[in-house]
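S.K.: One structure follows; several queries about it will come next.
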Amino acid sequence: MALTLVSGKMLANASVTAEKLATGAIVAPPGALGSNSVFANTIAERTILANNIGFFAIQANNIANGVISGGSVAANTITALEIKPSTLTSNLFSASSIETAAIANLNITAPKMANTLALMNVTQMNTSVQNVVVFNSTHIALGKVSGTATVNTKQGTYFSANTTGACTWTFAGGPDSSKATAFTLELTSGGGMANAYSQTWPASVKWAGGTAPTLTQGETKVDVLIFITDDGGTTWRGAASIIDSR
């Protein structure tokens, strides 16, 4: 029996369907499909599903910039476990792309941010402080002072010095006029009983009654002074907190 070649022109449109072909009757040999021979418009909508795509089959470098938009990604399709550490950087987010409502829905709270802020070395934030129960202040030891000495409040708020001679003091590093600050100065007399070294304070210091306190004479005698400003250091309010502490 002679064979007759059947061409496309001899077949009615859609007369050969998938149901009429035995499984495996038509097999594409390796390399049968040329490069780019299958186009998007030849694939029916939704015929390729996520579970038909192997893990890692689509990689980041295969996606052109901007081809995936928010509307084409279903909600919750990308989870935290699918994002590598440090792959999301600030320049990948446009202004206002993360909204307050999104943070609320993700249940991001202050306690959960504590460890992250510590790792980021966040040392100062513009915020209010309430219910402070522990006070710690950096202690700046000025050592032996005579001639001139400087208290810089940018270094700390507790200073100590051993007066071994007449000394003229300078206060520096005060805050801007919108804030108030104070510091403590602990003075130890090192001149012995027979010596009385005068301490000259800045003109900006205002004392009770307009007179600076008389400091204690005598080896190892300690006086504690307090200085407060609320105008950026233009005026300091000075007071003797402890005289002749021993």
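S.K.: Ranked from the most accessible area to the least, with a 1.4 Å probe and all protein chains present, what is the order of 231, 176, 223?
M.R.: On the way: 231 45, 176 80, 223 5 Å².
From most accessible down to least: 176, 231, 223.
S.K.: Shifting gears a bit: Provide the per residue accessible area, probe 1.4 Å, for the stretch 138-246, rounded to a whole number of square angstrom.
M.R.: Details: 5710 Å² over 109 residues.
Heavy-atom accessible area per residue stands at 52 Å².
S.K.: Check which residues have an amide H placed less than 5 Å from residue 168's amide H, if you skip close sequence neighbours.
M.R.: Long-range HN contacts for residue 168: 147, 148, 149, 200.
S.K.: Now, a different point. Keeping all protein chains in place and using 1.4 angstrom, which order do 241, 160, 178 fall into by accessible surface area, from largest down?
M.R.: Values: 241 70, 160 15, 178 95 Å².
Putting 241, 160, 178 in descending order of accessible area: 178, 241, 160.
S.K.: What ³J(HN,Hα) values, in whole Hz, does the Karplus curve 6.51 cos²θ - 1.76 cosθ + 1.60 give for the stretch 150-159 when θ = phi - 60°, with x put for Gly and Pro?
M.R.: 10, 9, 10, 6, 6, 8, x, 10, 9, 10
S.K.: First select every other residue whose beta carbon is under 11 angstrom from the beta carbon of residue 232; then total the charges, Lys and Arg +1, Asp and Glu -1. Please report the intermediate quantities before stating the final value.
M.R.: Numbers: positive: 179; negative: 176, 230, 231.
So the surrounding residues net to -2.
S.K.: Starting from the residue with the highest accessible area, list 186, 45, 219 in decreasing order, probe 1.4 Å. Walk me through the numbers on the way to the answer.
M.R.: Values: 186 50, 45 155, 219 100 Å².
The most accessible residue leads, giving 45, 219, 186.
S.K.: To continue, here is another question. By the scheme Lys and Arg +1, Asp and Glu -1, what is the net charge of all other residues having a beta-carbon under 11 Å from that of residue 179?
M.R.: Residues close to residue 179 contribute a combined charge of -3.
The values are calculated or read from the model by the stated rules, or taken from the named source; none is laboratory data. As the structure is a prediction and not an experimental result, all values here were calculated from the model. So basically every Cβ, Gly included, is an ideal-geometry build from the backbone, and we count neighbours across all protein chains shown. The area values use the complete protein model at the heavy-atom level, side chains included, leaving out ligands, DNA and RNA. Shrake-Rupley method; radii C 1.70, N 1.55, O 1.52, S 1.80 Å.
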